[in-house]
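The values are calculated or read from the model by the stated rules, or taken from the named source; none is laboratory data. Being a predicted model, the structure only gives us computed values, none of them experimental. Ideal geometry is used to build each Cβ from the backbone, glycine not excepted, and the neighbour counts take in all protein chains shown. Note: areas computed on protein heavy atoms with side chains; ligands, DNA, RNA excluded. Shrake-Rupley method; radii C 1.70, N 1.55, O 1.52, S 1.80 Å.
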Amino acid sequence: GIIEKLWREFPNYAAVKHPRPVALRDSGLGTDEYAVIYDVSSRGVAVRLCLGKQIRKYFFLEISKEELERDIARFRDPMQKLEFGHFNVELAKSLYRRLFGDILADVPKGNPLTIIPDGLLAILPFEALVVGGSAVWKKDAQGFPYPEGLTFLVDEHPVSYYQSLTALTLERTVGSVDRKRDSMLVLA
């Protein structure tokens with residue numbers, strides 16, 4: 001059909017408009033790049049830690065979509081309402097423990113971490129998950145409360161996101177030979 005013809009004659013266009021799933025072995029992950037890939041199903045969340053194109057660790061978190069949705073909503077609520085004094089430290093620790101288990105134990109601190117969320121996890125700010133510490137609540141110069149004494153995921157690993165392994169690979173490979181790197185577009 002027409003899509004196959006596009007793939008034969010205009011592969012860069014077809015890759016963007018009609019992407020095909022990319023296998024880990026064919027992905028754009030660098031050999032020394034750590035990525036955590038999540039797959040949400042009705043039974044729970046599959047979690048894989050990859051180093052380059054190899055799976056290093058994995059586990060399955062049995063959790064219902066309803067429980068996951070509830071916890072993510074509760075975690076995001078203080079941030080969305082700008083009520084930072086209601087930040088739930090225990091929930092932030094619990095989400096970190098459940099969604100990462102011990103898979104980051106062998107990842108050297110300071111190494112960047114690429115997160116590829118799935119489903120509901122796409123709206124979770126992973127960098128705000130609490131790795132450890134005890135909160136001592138203080139107020140900044142404007143009187144806004146903040147927890148001191150906590151270690152957040154972003155304190156240990158710079159975090160970047162991609163919607164999928166396919167999106168990561170397309171961004172890194174399609175047209176990379178043809179385009180210059182003298183400009184940048186940032187969306188926040």
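Worth pointing out:
- Beta bridges per DSSP, both residues in the stretch 91-165: antiparallel share near 70 percent.
- At least 27 Å along the helix axis (C-alpha) and Kyte average at least -0.5, DSSP helices within the chain: none
- Whole-Å semi-axes of the chain's equivalent ellipsoid (Cα gyration tensor): 34, 19, 17
- Euclidean distance of C-alpha centroids, the stretch 97-119 and the stretch 64-88, integer Å: 20
- Percentage of interatomic Cα-Cα distances in the stretch 68-178 larger than 22 Å: 41
- The longest part of the chain holding none of the exposed loop trypsin sites (Lys or Arg not before Pro), meaning those outside H, G, I, E and B in DSSP with at most 10 other Cβ atoms within 10 Å, is 1-80.
- DSSP beta bridge pairing in the chain, given as percent antiparallel to the nearest 5: 75
- For the stretch 30-116, the spread of Cα coordinates along the three principal axes comes to 41, 31, 18 Å, biggest extent given first.
- Counting only protein heavy atoms and a 1.4 Å probe, the chain has 62 square angstrom of accessible area per residue.
- Simple label model, 7 Å out from Cα along Cβ direction - Val136 to Asp77, nm: 2.9
- For the stretch 54-188, the carbon plus sulfur part of the accessible surface works out to 54%, probe radius 1.4 Å.
- Heavy-atom SASA rank of Phe84, Phe59 (probe 1.4 Å, accessible area, largest first): Phe84, Phe59
- Here the Gaussian network model covers the chain, with springs between Cα atoms less than 10 Å apart; of Leu82, Leu49, Leu124, Leu82 fluctuates the most.
- Summing charges over neighbours of Asp77, with a neighbour being any other residue whose Cβ is under 12 Å away from its Cβ, gives +2 when K and R count +1 and D and E count -1.
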